[in-house]
Structure formats: structure tokens, C-alpha cells
Amino acid sequence: MTVKVIRHCLLIFLLTLAFPLWAGVYDDILIAANNDQTDTVMDLIRRGMDPNTVDARGNSLLMIAARNGNLQLLESLLKIHANYLKNNNFNEDALMLAAYHGHLACVQKLLSFGATAERDNGSWSPLLYAAYAGWTNVAALLLDNKSSVNQVGPNGETALMLAARNGHKEAVQMLLARGADPDLRNPSDLTASDLATKAGNQIIADLIKSSRKSR
């Protein structure tokens with residue numbers, strides 16, 4: 001057996017021994033992130049773990065922090081250049097997850113580090129997520145940062161439609177005040193007021209109809 005073959009076999013053996021240890025550390029950092037154990041996460045990164053480690057669904061450590069509203073971990077990861085542009089298996093990024101869960105401070109921090117609120121028509125966006133969930137303050141902040149108020153998602157609906165259907169009156173009022181078009185229709189030919197009526201949110205439907213008269 002040549003020296004080259006011996007070295008190759010030895011390398012395979014060492015990697016086999018190291019894999020369970022690596023797998024254990026991988027689990028440890030994800031568990032720590034999900035449990036808001038910021039110090040543990042950052043310690044494991046200092047020891048060599050990738051700051052862009054992802055779970056089985058493609059959620060990075062930054063996405064987990066954004067989803068959980070863990071501002072301390074979020075900022076710590078951003079400072080070491082964690083990738084805020086990364087998407088999970090559902091094509092969501094950290095800003096979208098922070099917006100969906102209403103974590104205003106995390107949304108502000110991501111924007112301050114360069115995350116963009118603007119999205120193309122036909123894709124989900126932080127604004128659509130915030131409107132769907134009824135986070136008026138988050139939606140307003142995103143509009144302040146170049147989100148398009150009439151952007152259409154993959155389902156053909158705008159932020160106003162999502163907020164109206166889900167009964168989020170304050171969000172509807174804010175979106176109308178910021179220029180949301182109440183006359184737009186979804187692929188089923190329904191307006192935001194139609195969707196509100198269909199969902200049993202008649203007060204919101206009337207609010208939207210009155211805004212149309214005053215335009």
C-alpha cells in the first residue's frame with residue numbers, strides 16, 4: 001500500500017470521526033438560535049460555525065432571529081455580515097419574516113443594514129406580509145422605505161386587499177391614506193371592499209367604499 005493511499009484512508013477515517021461532532025454542533029447552534037440564546041450562538045460562530053447556517057427549511061440564523069424578534073442576535077449577526085438577502089425554501093428572507101411577525105425593531109435594523117423593502121409585482125413582499133398580519137406600524141415603515149403600496153402578490157392581491165379581507169381596520173386606513181387603490185381587482189374580479197364584505201368585515205368594506213367616493 002502506497003503512502004498516498006494510506007493518507008487517503010486516514011483522511012476518510014478522521015472525517016468519519018469528526019462528522020458526529022460537527023452534526024452535534026450544527027444542532028446546538030440551531031437549538032440555541034430558536035431558544036434566543038444569543039451568547040451561545042455567537043460563541044459557536046467564534047469557534048468556527050458558519051454565521052449563515054440554515055435549518056432543514058432553509059431558515060438561516062438571521063431569519064430565525066428576525067422571526068423570533070431577537071434584536072440582540074439579529075444585530076450581532078448583521079455586524080459579522082450574515083447574509084440578509086438569503087431566502088429560505090419558501091422564498092422568504094429575514095425582512096419578510098420580521099414583518100410578518102410584527103417585529104418593528106428588527107425590521108428597522110435590517111433596513112438600516114441595507115435590506116430592501118421593495119419587491120417586484122407577482123412576488124410576496126415584507127409589505128404584503130405585514131398587511132396580511134395587520135401590523136400597521138411595520139407596513140407604514142416599509143412604505144417609508146420604497147415599498148410600493150399597490151404591489152401585487154403571487155395571488156394577485158394587494159396589501160389593501162389582504163388587510164381588508166383579514167379585518168385589519170387600522171392597516172386599511174393607513175394604506176388608503178398612503179395611496180392604496182381601492183378600485184384594483186384580484187384575479188377573481190373582486191376589489192378590497194368586495195373581499196371585506198365576503199369575509200364579514202362590513203365596517204371595513206364601507207370604509208373602503210367611502211374612500212372611493214372621496215377620491
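For this structure, a couple of remarks:
- Test for VAL25: is it at pLDDT below 95 and surrounded by 11 or more Cβ atoms within 10 Å (Cβ to Cβ): yes
- Which listed residue, of SER147, SER193, is surrounded by 20 or more Cβ atoms within 10 Å (Cβ to Cβ), in the same structural domain as PRO126 (by TED's automatic domain parsing) and within 14 Å of TYR132 (Cβ to Cβ): SER147
- The residues of segment 165-184 that are under 24 Å from the mean Cα position of the chain (by Cα) and assigned to a helix (DSSP H, G or I), listed by number, are ARG165, LYS169, GLU170, ALA171, VAL172, GLN173, MET174, LEU175, LEU176.
- Selected residue (only one of ALA65, ALA133, ALA98, ALA82 is in contact with a Leu (Cβ under 7 Å, 6 or more places away or on another chain), under 23 Å from ARG178 (Cβ atoms) and modelled with pLDDT of 95 or more): ALA98
This table checks each residue for (1) of a type in the set (Phe, Trp, Tyr); (2) buried (at least 17 other Cβ atoms within 10 Å of the Cβ); (3) within 25 Å of ALA164 (Cα to Cα).
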{"residue": "GLN72", "(1), (2), (3)": "no, no, no"}
{"residue": "ILE80", "(1), (2), (3)": "no, no, no"}
{"residue": "HIS103", "(1), (2), (3)": "no, yes, yes"}
{"residue": "ASN121", "(1), (2), (3)": "no, no, yes"}
{"residue": "TRP124", "(1), (2), (3)": "yes, yes, yes"}
{"residue": "LEU127", "(1), (2), (3)": "no, yes, yes"}
{"residue": "VAL138", "(1), (2), (3)": "no, yes, yes"}
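- Candidates are the residues of segment 49-70 that are in a helix (DSSP H, G or I) and surrounded by fewer than 24 Cβ atoms within 10 Å (Cβ to Cβ); the one that is nearest to the chain's Cα centre (by Cα) is ARG67.
The values are calculated or read from the model by the stated rules, or taken from the named source; none is laboratory data. Just so you know, these numbers come straight off a predicted model, no measurement behind them. Every residue, glycine among them, receives a Cβ derived from its backbone with ideal geometry; neighbour counts consider all protein chains shown.
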